[in-house]
Amino acid sequence: MVNFDRRRFLGLGLGAITATLAAAALWPVWRYLAPGEESGAREKTAVPRERVPVGGALFIQHQGHPSVLVQYAPGEFLAFSAICTHLGCIIQWHADKSEFLCPCHGGRFSAQGKVLGGPPPRPLDPITVTLDGDRVLLG
């Protein structure tokens with residue numbers, strides 16, 4: 001009777017250790033394959049209207065990514081990802097030409113995010129903009 005109890009105890013202990021090791025090995029695989037959390041996708045970024053000059057651009061972080069907010073006409077705002085669609089460089093605003101320039105390969109974008117020249121294959125990625133009183137909301 002003593003051997004049976006000892007065997008049973010060792011079998012349960014070995015099973016528990018095996019289950020723990022299997023869970024520890026599979027957890028990183030599960031986290032990698034599981035869909036990402038969408039909490040950041042619903043967050044909005046608020047910017048006071050007066051921070052964006054008419055005919056100018058304001059570079060900000062939106063949901064952890066570089067973004068740019070443009071007031072191309074009084075009260076008319078557009079927002080884009082500030083990442084060039086060619087190779088992922090951060091674009092720069094050139095106020096004298098009212099356009100964006102990618103410093104890596106000379107890609108040019110209009111104030112509305114359209115490609116004007118250079119190697120970018122598509123326009124800048126747009127971000128939804130809504131007005132809320134004296135604030136501009138991105139996202």
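A short reminder: the numbers here are calculations on the coordinates, not readings from a lab. Here the structure is a predicted model, which is why all the values come from computation and not from measurement. Don't worry about glycine lacking a Cβ; one is built from the backbone with ideal geometry, like all the others, and counts go over all protein chains shown.
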For the pair LYS97 and THR20, how long in nm is the line joining their label points, each one 7 Å along Cα→Cβ?
6.4 nm
Using 0.36 nm per residue, how much length does the chain from CYS104 to THR128 gain when fully extended, once their Cα-Cα distance is taken away?
6.0 nm
Most fluctuating residue of THR128, THR18, THR45 in a GNM of the chain with Cα springs under 10 Å: which is it?
THR18
Within the stretch 65-89, list the residues whose amide N lies under 14 Å from a label point set 7 Å along Cα→Cβ of ARG49.
71-78
Descending principal axes extents, the chain, alpha-carbon based, whole Å:
91, 39, 17
Cα-centre dipole for the chain with unit charges at Cβ (Lys and Arg positive, Asp and Glu negative), debye to 20:
580 debye
Helix 2-33: inclination vs the chain longest Cα principal axis, degrees, rounded to 10, gives 10 degrees
Sites LEU33 and ILE90, calculated FRET efficiency, Cβ-Cβ separation with R0 41 Å, nearest 0.05
0.85
